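Okay, so here's the structure we're looking at.
The values are calculated or read from the model by the stated rules, or taken from the named source; none is laboratory data. The shown structure was predicted, so the numbers you read here are calculated from the model rather than taken from an experiment. Here the Cβ positions follow ideal geometry from the backbone for every residue, glycine too, while neighbour counts run over all protein chains shown. Remember, those area values only see protein heavy atoms, side chains included, never the ligands or the DNA or RNA. Shrake-Rupley method; radii C 1.70, N 1.55, O 1.52, S 1.80 Å.
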Amino acid sequence: MIKRVLVANRGEIAVRVISSCRALGIETVAVYSDADRSGRWLTLADRAVCIGPATAAKSYLAAPALISAALGTGCDAVHPGYGFLAENAEFARLCEENAISFIGPAPDAIAQMGNKIAARAIARKAGVPTIPGSEGRLAGIDAARRIADEGGYPLLLKAAAGGGGRGMRVVRSERELGERFAEAESEARAAFGDDALYAERFLEGVRHIEVQLAGDGRDVIHLGERDCTLQRRSQKLMEEAPSVVLDSEVREQLTSAAVALGKRINYRSLGTIEFVYEPSSKAFYFLEMNTRIQVEHPVTEMITGLDLVAEQLRIAGGESLSLQQNDVRMSGHAIECRINAEDPERDFRPSPAAIEAWDPPSGEGIRIDTHAYAGYTIPPFYDSMIAKLIVWGEDRAQALERARSAVAGFRIEGPRTTLGLHANLLRDSNVIANQTDTTWVEREFLKTAVA
């Protein structure tokens, strides 16, 4: 049983983790950098510790500082949230070496699934379809050319250690290959310290569907899927659950494939299997696995009634899954809008500023996950997300209507935000009819919408 958790993160996810810990009677220790001294999560935790200067590399990414904070405050567990060190196998291993429970999967599972080439190989062994492409690391540009010769263009180059769209390039012709290969290699080296690339056939007109898993090392279950198709530059803007483009047969195949992959690695903790789905053929392909809590986990919570962070804490404390697959119930439809302090009219440039007015909506089916408040100054050093607006409805139509109303009633003054972007998305006929794909926002929506 876990008694005291160091919350090794900041912002809304720190608030979220502290909330579940308190509900379970677990003490919490928050951490903060010099730039986060006014963070709301500090006032919610039992104790707070400064771990370094504003630069993330010297604070939220500084594993030794976090371990020292955990040991110095008597914590027996660390929750990494998402981002920063959440999928860092070495940090998880360092926790283990210091007799601190890492609230997440085992270090080997993080390492296996964090390497995209290794993850594709494991998926294939589990019988999960993967996008046709290279079997392993590309030995060079000639290897990429051979893949294109066999499967044709467009080709997608991806960083083996990648994520978040970094180290990724679409190549539409042989003429582009040399330049795109060099760009992807350089970006991968800068972002991940590893310039290894692999190649896949680039699928167009696809949707992004992911399956939420929970495992205790003995059993693995799924908690349904989320549709994360609305993206800009591979960054999710809006998510919903369930996906309304899947029929029951495909949904069963997709969730079964995800569970098979989780069982293949005896997965323990929460995790998400991401797929691309081709509506025209009803085919789906493994994309990657995220071995952490996802930003968009609230939409799953809203339709299942579960507290996923609490489930994660119980598993890390050595308990079995609190429910079996047949116990999972889903009801209604949920939508999440990521509210970022960004200026959509200036290419989504971050807009760190003091929040002069903060008046979030409330009402039936509305949930706000945030660390922001009136008087809070958004620091320029970290992710620009300041809130998640989540709504639930009896069906998608009601959820969309509630989301439109909630966005319209959300008053934020001071920074520029993406509220206007979401208002336009929620009114768009393509979104309402679900006639979108993963590149639709950039290809069509942003060219006409007034954000």
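Show me the three semi-axes of the equivalent ellipsoid for region 273-380, from the C-alpha gyration tensor (sqrt of 5 times each eigenvalue), largest first, rounded to whole Å.
31, 22, 16
Inter-label distance, Ala23 to Glu179: 5.1 nm, where each label sits 7 Å from its Cα along the C-beta direction.
Ignoring ligands, DNA and RNA, what percent of the accessible area of region 362-446 is carbon or sulfur (1.4 Å)?
47 percent
Accessible surface computed residue by residue for region 278-430, with neighbouring protein chains in place and a 1.4 Å probe, gives 40 Å² per residue. Using a simple spin-label model with pseudo-atoms 7 Å out from Cα toward Cβ, Arg166 and Asp149 lie 3.4 nm apart.
Were the residues from Ser234 through Asp395 laid out at 0.36 nm apart, the gain over their Cα-Cα distance would be 55.2 nm. Full extension of the chain segment joining Glu356 with Thr43 gains 110.7 nm, where the gain is 0.36 nm per residue of separation less the Cα-Cα distance. Taking the Cβ of Arg427 as the center, what net charge do the other residues with Cβ under 13 Å away carry, scoring Lys and Arg +1 and Asp and Glu -1? Net charge in that neighbourhood comes out at -1. In this calculation the C-beta distance from Val328 to Glu249 is compared with R0 = 25 Å, giving a FRET efficiency of 0.85.
For region 53-189, with all protein chains in place and a probe radius of 1.4 Å, 50% of the accessible heavy-atom surface sits on carbon or sulfur.
Using 0.36 nm per residue and subtracting the Cα-Cα separation, the extra length available between Ala433 and Ala408 on full extension is 6.9 nm. Shape of the chain from the C-alpha gyration tensor: rounded (a/c under 1.5, with a ≥ b ≥ c the square roots of its eigenvalues). Rounded to the nearest 20, the size of the Cβ-charge dipole of region 293-442 about its Cα centre is 160 debye, with Lys and Arg at +1 and Asp and Glu at -1. Applying 1/(1 + (r/R0)^6) with r as the Cβ-Cβ distance of Asp194 and Thr55 and R0 = 25 angstrom yields a FRET efficiency of 0.70.
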